[in-house]
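Okay, structure first, notes after.
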Amino acid sequence: MGSIDNNKNHIDCFKNYSMLEAALEELVNEQQHEIYGYFGSLIEQCGFICSDFENAVSHCINIAENRKGHSFFLIDPFRWSHVSMSSIRRINTLKGSEILYTYMIRDLKRFVIGKNGIDTVNFNKILEASGYYESENLKLFDRVSGQRYLRNESLRLFRDKGNTKHIHTFSLIPKGYIDVLYYLMHFYQNITALQVMKETLWKYNNLHHLFEFKVYGFGLKTIDYYEQQPKLDFCIESSLENHESCINLLEKDLGQNIRNGYEGTFGQICNDYMEKHHATKDNFEYLLINRLLQYKEI
C-alpha cells in the first residue's frame, strides 16, 4: 500500500491520524510486516511519497508490474490537471488493475467545457479530450439531458483514451443541489469487480442510491446529507425496495432483447448488461433460469 501527495501536511495527517483510526498504525514505519490470515502468511508494507502524482506514478506502476497480481489505485486529485490520461492508461494496462477516480465534472462544466481559454487547451492536452464535450446544444439541454450528455461523454473519453474496459460511476450530489458535483469513477478490467461492488451495496445499505440508466450509475448523497438522515432508503428508479423490483426492471431490457433474438453466454450477457443495470449476478441468474428458461423463452 502506498500514498502519494505533494503536500507534506496531508501525508502527516494520513500517517498520524487516518492510519491510526483504521487500525493500521503498525504500517506507519514503512517497514515490512508479516501477517497471518485466511490465505496464510502475507507481507504488508506501506510507503508514503511526498511528490506530484505524475512524478511518482511510474514508480508505483513498476512495483505493481513486478509484483504481479491485483492492484488498486485510489486517485483523488485536487484538480483535474494533476492526473494525466497517459497515467490512467498505463495503470489500466496492468493485468488485474482497478482505479477509483474522482472527476470534478461541475468545475469542468464551469471553466472548461464549451470555453476557449487556456484551461480548455490544457484540459484537451492533459486528458486528451479534444473532440469530446463539443455539443453545440449543451446550453440548450434541460437539466437531466445536460447531465446525461456530460456523463456519457466522460465515459466515452475514458473508454477511448484511457484504455478502460469497464466503467461504473457514482455521482456525488451535495445537500441542497440536484446537479452532480463530481463522479467517482470505477475503472476495472474484469466484470467480477463490479459484481462484488453491487453485492456489497445491497448487503451494507447505508447510503442513498439513485439510478437512471446511462446517466448517474449509483448516486450517493454527500456526508452532510447522511449525517442528518440516520436511515436512508434504497431508492432506484424512484422506488426500488427489493431484488424482485430489480429483476423486473432487468427483464424489461434484457428479457425483451432475448425475445427479439439477442444471444450470448452467461458471461457475455453479464459483460453486455452489468454496467447498465443495478442488478447483481444473482439477479441475472434468477431472471435467466427461474423466469425465461422456466417459461421456455430461452
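The values are calculated or read from the model by the stated rules, or taken from the named source; none is laboratory data. The structure displayed is predicted, hence computed values, not measured ones. We place every Cβ from the backbone using ideal geometry, glycine too, and count neighbours over all the protein chains shown.
What to note about this one:
- Residue identified as within 20 Å of residue 100 (Cβ to Cβ) and among the small types (Gly, Ala, Ser) among 18, 41, 51: 18
- Filter result for residue 128 (touching a residue at least 40 places away in the same chain (Cβ under 8 Å), part of a loop (DSSP other than H, G, I, E, B) and not polar (S, T, N, Q)): yes
- Conditions (1) crowded, with 18+ Cβ neighbours inside 10 Å; (2) aliphatic (A, V, I, L, M); (3) out of contact with any Asp or Glu (no Cβ under 8 Å at 6 or more places or on another chain): number failed by residue 85: (3)
Conditions (1) modelled with pLDDT under 80; (2) crowded, with 19+ Cβ neighbours inside 10 Å; (3) outside the structural domain of residue 71 (by TED's automatic domain parsing), marked per residue:
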site: 177; (1), (2), (3): yes, no, no
site: 181; (1), (2), (3): no, no, no
site: 190; (1), (2), (3): no, no, no
site: 204; (1), (2), (3): yes, no, no
site: 208; (1), (2), (3): yes, no, no
site: 224; (1), (2), (3): yes, no, no
site: 229; (1), (2), (3): yes, no, no
site: 253; (1), (2), (3): no, no, yes
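- Looking across the range 1-25, the residues that are under 19 Å from residue 57 (Cα atoms) and surrounded by 13 or more Cβ atoms within 10 Å (Cβ to Cβ) come down to 2, 3, 4, 5, 6, 10, 11, 14.
- Residues that are in a loop (DSSP other than H, G, I, E, B) and touching a strand residue (DSSP E or B) at 6+ places or on another chain (Cβ under 6 Å), drawn from the range 97-125: 104
- Some residue of the range 11-32 being touching a Gly at 6+ places or on another chain (Cβ under 9 Å) and farther than 24 Å from residue 160 by Cβ: yes
- Single match in 98, 54 (criterion: over 17 Å from residue 185 (Cβ atoms) and either free of Cβ contacts under 8 Å to residues at least 60 places away in the same chain or out of contact with any Cys (no Cβ under 7 Å at 6 or more places or on another chain) (or both)): 54
- For residue 46: the one exception among (1) outside the structural domain of residue 165 (by TED's automatic domain parsing); (2) more than 24 Å from residue 12 (Cα to Cα): (2)
- Among residues of the range 66-87, those that are out of contact with any strand residue (DSSP E or B) (no Cβ under 8 Å at 6 or more places or on another chain) and at pLDDT below 90, counted: 6
- Within the range 88-118, if we keep just the residues that are more than 19 Å from the chain's Cα centre (by Cα), surrounded by fewer than 18 Cβ atoms within 10 Å (Cβ to Cβ) and not aliphatic (A, V, I, L, M), the residue that is modelled with the highest pLDDT turns out to be 117.
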